[in-house]
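All remarks here apply to the structure that follows.
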Amino acid sequence: MLLAMVLFGLMATFSKDVLTHGGITGPQLVAFRICGAAILFWAGSLIVPQQRVERRDLLKIVGASFFGFVMAQGGYIVGLSYTSPINATIELTTMPIFTLILSAFILHERITPRRALGIILGFAGAVLLITRTTSGAPGKAGDFRGDLLILAAQVGYAFYLTHYAALFRKYDAFTFNKWTFTFASLMILPFTLPHIVQIDWAAISARTASELIYIVAAATFFTFLLVVFAQRRLLPTTVSVYNYVQPFVAVVASMAMGLAVPQWMHAVAAALIFTGVWLVVNARQNTQERET
């Protein structure tokens, strides 16, 4: 999950650059990401042992495709095209909160004081990190439509993590992802195909092309292999709390590119984020030990 969130964190920067300077629109980027990943997962499934999907699970997989990819991934990218990356990154930190609440209702996962404290600390660290880094920086203003789409995307992904948790453990990563991305592709194509045919392929620069390759291959195909692998072994709340790593990665990348100046507050924020992750993960381990 840590490696997946590092790759996701870098994707946010590349996605915004593609949307702002690459001549690619939100619907086009959604199509690139979801359909491109579906192709890669089908190609990868040809070289691994085949697993048959039970007919009774098909409807559940369709639901997972909608909430986990159409609503969550599509909503985030389209929302990012409207609002500022600052707003988008802050709103990403709400997903573990929604997951904690839904896990309590759907999975009857107990909200222990340590787990709740970990989520609060991680949220505080992420917000502190973002606000200190972007304070006074020029950029596009936030937009209500984009902010609402990104918040809805976090609710969708939280529901995906909790309601469909049993599927992650039942099917291997290639089988689960190839079908969810395929169904998601079928859902979005009627809406994105008119935008795809408008792409001026000759005008796409080498920089934009390389960023698109990273978004599809590294930040989608490879990361969702890692995420499903982690989902088979971790509780939904534990998986979601790693979301707080993304703002940290985004800030480090900005520093490396000379877009942010290191401050002592960054160290405080990072400590809060990783302390929060440790508390949530450690809370689960302690619970397992007591049950044993």
note = Rounded to the nearest 0.05, FRET efficiency between Arg232 and Leu2 (Cβ-Cβ, R0 22 Å) equals 0.85
Ranking by accessible area, most exposed first, for Leu117, Leu212 with a 1.4 Å probe = Leu117, Leu212
Peptides ranked, highest mean first, by Cβ atoms within 10 Å: ranges 6-14, 104-112 = 6-14, 104-112
ask   = Arranged from highest to lowest average of other beta-carbon atoms within 10 Å per residue, in what order do the peptides 25-38, 191-204, 234-247 appear?
value = 234-247, 25-38, 191-204
request  = Using 0.36 nm per residue of separation minus the Cα-Cα distance, give me the extension gain between Lys60 and Phe222 in nm, one decimal.
outcome  = 56.0 nm
message = Could you give the length gained by full extension between Ile111 and Gln50, i.e. 0.36 nm per residue of separation minus their alpha carbon distance, to one decimal place?
response = 18.2 nm
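The values are calculated or read from the model by the stated rules, or taken from the named source; none is laboratory data. All figures in this text were calculated on a predicted structure; none of them were measured in a lab. Backbone-built Cβ (ideal geometry, glycine too); neighbour counts: all protein chains shown. Calculation scope for accessible area: heavy atoms of the full protein, side chains included, ligands and nucleic acids excluded. Shrake-Rupley method; radii C 1.70, N 1.55, O 1.52, S 1.80 Å.
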